[in-house]
Amino acid sequence: MSVLVYTESENGKFKKNAYEVASYAYEVAQQLKTTVTAISFNADSSEDLGDHGVSKLLQITNDKLKTFNAKAYAHALEQAVKKENATVIIIGSGMDAKYLAPILAGKLRAGYVPNVVAPPESTNPFSVKHTAFSNKGFAHTQINTETKIIGVSNNAFGVLENKTEISVAPFDPAVSEDDLSTKPIEVDKVAGKVTIADADIVVSGGRGLKGPENWGMIEDLAEVLGAATACSKPVSDMGWRPHGEHVGQTGKPVASNLYIAIGISGAIQHLAGVSASKTKLVINTDPEAPFFKAADYGIVGDAFEVVPKLTEKLKEFKAQNA
């Protein structure tokens, strides 16, 4: 018996959350007195997973599985679960994982809890803490099925170092044409160094920026912080920014360590989608903007004055501490 981890990758490289779910799985394995087995799809590297507690990697190399396909990936994972006799499967809480998990849960007749924010409170019975009500509260859920699937919320557990000797084994699951019958949808990729899903810091702009020509100061601040850029729904609807940057309840959820909202009033749908962020900083000219009630820190001021000064101070700080 082992704990099985689904590790997400892109262009052959593991995403940040692959290391976070591996770290979480190691904690679960310690409680269950077992080991961690990971499964990867066309990832180039593998040994660094051993730095985060993975003892064994099932490495899939299959051109048919280069693009994420929830149905095909779920079938492959089902075969890995049976091969390893795994009773606990750890995945992330990104969009791919949330498409994949219900299909896999149906195949395995497993209980599935997404958005988990802490290690199991108990393993007999198996109970986990997760966010609920659009991140406005927490729930404690007991999983009674023999097989359990846990979706770890981004940035909730962290990437921890647990040096483990890892063995790598090729894994060639059966993939049928029926598995591949669902065509992958076209993905709106955002150009940039940091993606919203993997970002520790997100800098987001709203209609207060007045137009796409002013987005340079958002990008400058993001570059200094090593952050991802994002926007509110009206901004993407007006075509100022790509839809792939739209965050909120109707866009991409954000669970960053720091979320900076610039010129965003804070509609309820936006707040619901970013409330899982640990620290929220708001910059807005309107002191009555709803976002200030949800913010940890707020600056009432003109973004066109505040943001360039903030960026300059951060550049000076980095230069002094280089």
Only one of E20, E8 is within 27 Å of V247 (Cα to Cα), surrounded by 20 or more Cβ atoms within 10 Å (Cβ to Cβ), in contact with a His (Cβ under 9 Å, 6 or more places away or on another chain) and not β-branched (V, I, T), namely E20
On the given criteria, is S236 among the hydroxyl-bearing types (S, T, Y) and either surrounded by fewer than 24 Cβ atoms within 10 Å (Cβ to Cβ) or farther than 11 Å from S204 by Cα (or both)?
-> yes
State whether one or more residues within segment 57-70 are within 20 Å of the chain's Cα centre (by Cα), surrounded by 15 or more Cβ atoms within 10 Å (Cβ to Cβ) and at pLDDT 95 or above.
-> no
Only one of H75, H52 is surrounded by 17 or more Cβ atoms within 10 Å (Cβ to Cβ), touching a Leu at 6+ places or on another chain (Cβ under 7 Å) and modelled with pLDDT of 95 or more, namely H52
Odd one out for I264, checked against (1) touching a Pro at 6+ places or on another chain (Cβ under 6 Å); (2) at pLDDT 95 or above | (1)
Of the residues D220, D200, which is surrounded by fewer than 24 Cβ atoms within 10 Å (Cβ to Cβ), modelled with pLDDT of 95 or more and either assigned by TED's automatic domain parsing to the domain that holds N17 or of a type outside the set (G, A, S) (or both)?
-> D220
Boolean, L49 is in contact with a helix residue (DSSP H, G or I) (Cβ under 7 Å, 6 or more places away or on another chain) and under 22 Å from N154 (Cα atoms) = yes
In segment 97-133, what count of residues is obtained for those that are assigned to a strand (DSSP E or B) and charged (D, E, K, R)?
-> 1
Just wondering, is there one or more residues in segment 19-28 that are assigned to a strand (DSSP E or B) and modelled with pLDDT of 95 or more?
-> no
Output for segment 203-217, where each listed residue is buried (at least 19 other Cβ atoms within 10 Å of the Cβ) and among the polar types (S, T, N, Q) | S204
Please work out which residue is nearest to E8 (Cα to Cα), limiting yourself to segment 141-176 and to residues that are of a type in the set (A, V, I, L, M) and part of a strand (DSSP E or B).
-> V152
Does K252 satisfy the criteria of being basic (K, R) and either buried (at least 23 other Cβ atoms within 10 Å of the Cβ) or within 17 Å of L310 (Cβ to Cβ) (or both)?
-> no
Do we have any residue at all in segment 83-90 that's over 22 Å from the mean Cα position of the chain (by Cα), part of a loop (DSSP other than H, G, I, E, B) and under 24 Å from K16 (Cα atoms)?
-> yes
From V306, V235, V282, residue being under 28 Å from K16 (Cβ atoms), over 18 Å from the mean Cα position of the chain (by Cα), in a helix (DSSP H, G or I) and not charged (D, E, K, R) = V235
Condition check for A169: closer than 22 Å to I39 by Cα, exposed (fewer than 13 other Cβ atoms within 10 Å of the Cβ) and of a type in the set (A, V, I, L, M, F, W, C) = yes
When residues of segment 131-146 are limited to those that are modelled with pLDDT under 95 and surrounded by 18 or more Cβ atoms within 10 Å (Cβ to Cβ), the one nearest to G92 (Cα to Cα) = T131
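The values are calculated or read from the model by the stated rules, or taken from the named source; none is laboratory data. None of the values given here were measured: they were computed from a predicted structure. All Cβ positions, glycine included, derive from the backbone under ideal geometry; neighbour counts span all protein chains shown.
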